[in-house]
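Let me begin by presenting the structure, written as structure tokens, before commenting on it.
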Amino acid sequence: MELDILIMQKTNKKKLEEFIRVDHAGERGAIKIYEGQLLALNTIYKDNQLKEIIEEMREHEREHCDYFENEIKKREIKPTKFLPLWDLLGVGLGFGTTLLGKKAAMLCTASVEEVIDKHYQDQINQIKDDEKELRDKIIKFREDELHHKDIAYEKGASKEGFYSILDKVIKTGSKIAINISEKI
């Protein structure tokens, strides 16, 4: 019986480490996507209204990332080894979608947030009562992400024509990054 309890505790600890590792990587990735979008907006594709929207969403992502950064340090969890690659891909995705125009930039946000919605909800459903603070933070962050998705659709995100392909590519890439970051 005691062995079963120890095994369950170790399994729960490992699962929480995976949650925190991947959430840290994801929030940092979101910041990098927005930084790529802002780079394009500051250099090539001028749209001050879009720039203000993206800057505000980036601030939410910084709050989220700071929380997971602190959790990584506090719990002595190793971040994913892929952070440098995710940084590069995030900036590239943000920059590239913004060069395609406002619809593509906003679709990028909507597509990523749709994946994160399900991802966070899965975590919320698995986190036990002994990790109430972590669960409550993820609930709040999920609400922020859903708000970002709503803003993206209000500001022109579309899945029509070419954009349906872009949506699938972004979602597939996000899911792959999640799966890798949980484990490595």
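The values are calculated or read from the model by the stated rules, or taken from the named source; none is laboratory data. All values derive from a computational prediction rather than experimental measurement. We place every Cβ from the backbone using ideal geometry, glycine too, and count neighbours over all the protein chains shown.
What is the residue count in segment 145-174 for residues that are of a type in the set (Ser, Thr, Tyr), farther than 21 Å from HIS60 by Cβ and part of a helix (DSSP H, G or I)? Step through it out loud before you land on a result.
Residues of segment 145-174 of a type in the set (Ser, Thr, Tyr): 153, 158, 163-164, 172, 174.
Of the ones still in play, those that are also farther than 21 Å from HIS60 by Cβ are 158, 163-164, 172.
Among the residues that remain, those that are also part of a helix (DSSP H, G or I) are: 163-164, 172.
Adding up the residues that qualify gives 3.
Which residue is surrounded by the most Cβ atoms within 10 Å (Cβ to Cβ), if the candidates are limited to segment 89-109 and must be of a type in the set (Gly, Ala, Ser) and more than 11 Å from the chain's Cα centre (by Cα)? Steps first, please.
Here is the first cut: in segment 89-109, the ones of a type in the set (Gly, Ala, Ser) are 90, 92, 94, 96, 101, 104-105.
Imposing the further condition that a residue be more than 11 Å from the chain's Cα centre (by Cα) reduces the set to 92, 94, 96, 101, 104-105.
On the way: GLY92: 13, GLY94: 28, GLY96: 16, GLY101: 14, ALA104: 20, ALA105: 31.
So, considering only residues that are of a type in the set (Gly, Ala, Ser) and more than 11 Å from the chain's Cα centre (by Cα), the one surrounded by the most Cβ atoms within 10 Å (Cβ to Cβ) is ALA105.
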In segment 140-163, anything closer than 15 Å to LEU100 by Cα, surrounded by 18 or more Cβ atoms within 10 Å (Cβ to Cβ) and among the aromatic types (Phe, Trp, Tyr) is listed as TYR163
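Would you mind stating whether ILE138 is among the hydrophobic types (A, V, I, L, M, F, W, C) and farther than 30 Å from LYS15 by Cα?
Working: among the hydrophobic types (A, V, I, L, M, F, W, C): yes; farther than 30 Å from LYS15 by Cα: no.
It is false that ILE138 is among the hydrophobic types (A, V, I, L, M, F, W, C) and farther than 30 Å from LYS15 by Cα.
Among residues belonging to segment 14-34 that are under 15 Å from GLU182 (Cβ atoms) and of a type in the set (D, E, K, R), point out the one that is surrounded by the most Cβ atoms within 10 Å (Cβ to Cβ). Full working, then the answer.
Kept after step one, since they are under 15 Å from GLU182 (Cβ atoms), are these residues of segment 14-34: 14-29.
Within this subset, residues satisfying the condition of being of a type in the set (D, E, K, R) are 14-15, 17-18, 21, 23, 27-28.
Numbers: LYS14: 10, LYS15: 15, GLU17: 17, GLU18: 16, ARG21: 22, ASP23: 27, GLU27: 23, ARG28: 23.
Among residues in segment 14-34 that are under 15 Å from GLU182 (Cβ atoms) and of a type in the set (D, E, K, R), the one surrounded by the most Cβ atoms within 10 Å (Cβ to Cβ) is ASP23.
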Those residues of segment 125-141 which are in contact (Cβ under 8 Å) with a residue 40 or more places away in the chain, assigned to a helix (DSSP H, G or I) and closer than 15 Å to TYR67 by Cβ amount to GLU131, LEU134, LYS137, ILE138, PHE141
Next on the checklist: Take the conditions at pLDDT 90 or above, over 19 Å from VAL112 (Cβ atoms) and surrounded by 15 or more Cβ atoms within 10 Å (Cβ to Cβ) and apply them to GLU71. Does it pass?
Outcome noted: yes
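With LYS51, LYS78 as the choices, which residue is in contact with a Lys or Arg (Cβ under 9 Å, 6 or more places away or on another chain), more than 18 Å from LYS168 (Cα to Cα) and among the charged types (D, E, K, R)? Lay out the reasoning, then the answer.
Working: LYS51 fails: in contact with a Lys or Arg (Cβ under 9 Å, 6 or more places away or on another chain).
None of the other options fit; the residue is LYS78.
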